[in-house]
1. Read through the list (1) of a type outside the set (D, E, K, R); (2) touching a residue at least 24 places away in the same chain (Cβ under 8 Å); (3) under 23 Å from residue 170 (Cβ atoms); (4) assigned to a strand (DSSP E or B), then give the number of the only condition that residue 76 fails.
2. Residues of region 114-143 being out of contact with any Gly (no Cβ under 9 Å at 6 or more places or on another chain), surrounded by fewer than 14 Cβ atoms within 10 Å (Cβ to Cβ) and within 20 Å of residue 84 (Cβ to Cβ), which ones?
3. Scan region 140-161 residue by residue and report those that are in contact (Cβ under 8 Å) with a residue 60 or more places away in the chain and under 23 Å from residue 72 (Cβ atoms).
4. What tally of residues in region 141-157 results from selecting those that are modelled with pLDDT of 90 or more and either farther than 18 Å from residue 28 by Cα or aromatic (Phe, Trp, Tyr) (or both)?
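The values are calculated or read from the model by the stated rules, or taken from the named source; none is laboratory data. Fair warning: this is a prediction, and the values are worked out from it, not measured in the lab. Here Cβ is always computed from backbone atoms with ideal geometry, including for glycine, and neighbour counts include all displayed protein chains. Surface accessibility is based on the protein's heavy atoms, side chains included, excluding ligands, DNA and RNA. Shrake-Rupley method; radii C 1.70, N 1.55, O 1.52, S 1.80 Å.
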Amino acid sequence: MEKKLPDRLAEEVAAFAVGRPLRLMFQDEARFGRISDVRHCWDKKPHRPLVRAMMTQEYTYAYGAVSPLDGRFDSLILPQVGGVCMQIFLDEIALRYPNENVVMVLDGAGWHKSQRLKLAENMRLIFLPPYSPELNPQEHVWDELREKFFHNRAFDSIDALEINLEDALKSLESTPVRMHSITGWDWIINIVSKWN
C-alpha cells in the first residue's frame with residue numbers, strides 16, 4: 001500500500017472535476033455491544049477488583065473516518081452495517097468537507113464496493129488490499145476508543161451504551177492532536193504532504 005498509494009492517489013486526484021485541497025481519510029466501521037470487554041485491572045491491597053460482565057447480544061455500529069494529516073476525525077452511530085448506512089456516512093462526510101476533495105481509503109467489505117453507492121462529486125474511494133487491517137490507521141482509533149471508554153464496562157441498556165459511545169466519539173472528534181498522534185504515520189504524512 002505504501003508503494004501503490006501515491007499512484008492511486010494521483011489517479012483519483014486527476015479524476016476530480018474541480019480542483020480543491022485534498023483530504024485523505026481512512027474509514028472503517030466498528031461494532032459495539034452489550035458484551036463487556038473484561039481486562040486486567042489493579043486495586044489497592046487487600047481488595048480484589050470486581051468487574052461486572054455481560055453477555056447480551058445487542059449491538060450498534062460506529063462509522064468513522066480519520067484524516068491523519070491534521071487529525072480530523074468524523075463519526076456517525078448507525079444501527080447496522082450495509083449499503084444504506086454506508087451511503088448515509090459517505091454523504092455526511094462529503095457535506096462536512098464541501099470545499100475539499102476527499103479521497104477515502106477503506107477495506108473491501110461488500111457494502112463498500114456496492115454499485116448502488118452514489119459518490120458526491122468531491123469524493124473518491126481507494127480500497128485496501130484484502131486482509132490488511134494493519135494498513136488502516138482507523139483501526140487504531142477503534143483500539144483507543146475501546147481501551148479508554150469501554151473496557152471493564154457493562155451497560156444496562158443499548159441506549160446507555162449508545163450514550164457512552166456518543167460521548168466517546170465526541171471526545172475523539174474534539175481532540176485532533178490526539179488523533180494525529182495515533183494515526184499520523186510517516187508514510188501517510190509524506191504522501192499527503194506532496195498534494196497540499
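1. (2)
2. 115, 118
3. 141, 142, 145, 146, 150 - these are the residues of region 140-161 that are in contact (Cβ under 8 Å) with a residue 60 or more places away in the chain and under 23 Å from residue 72 (Cβ atoms).
4. Kept after step one, since they are modelled with pLDDT of 90 or more, are these residues of region 141-157: 141-149.
Add one more test, that the residue is either farther than 18 Å from residue 28 by Cα or aromatic (Phe, Trp, Tyr) (or both), and what stays is 142, 148-149.
Within region 141-157, residues that are modelled with pLDDT of 90 or more and either farther than 18 Å from residue 28 by Cα or aromatic (Phe, Trp, Tyr) (or both) number 3.
Yes/no per residue for (1) at pLDDT 65 or above; (2) among the basic types (Lys, Arg); (3) open to solvent by 20 Å² or more (accessible area, probe 1.4 Å); (4) not in a strand (DSSP E or B):
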site	(1), (2), (3), (4)
32	yes, no, no, no
40	no, no, yes, yes
43	yes, no, yes, yes
47	yes, no, yes, yes
53	no, no, yes, yes
56	no, no, yes, no
62	yes, no, no, no
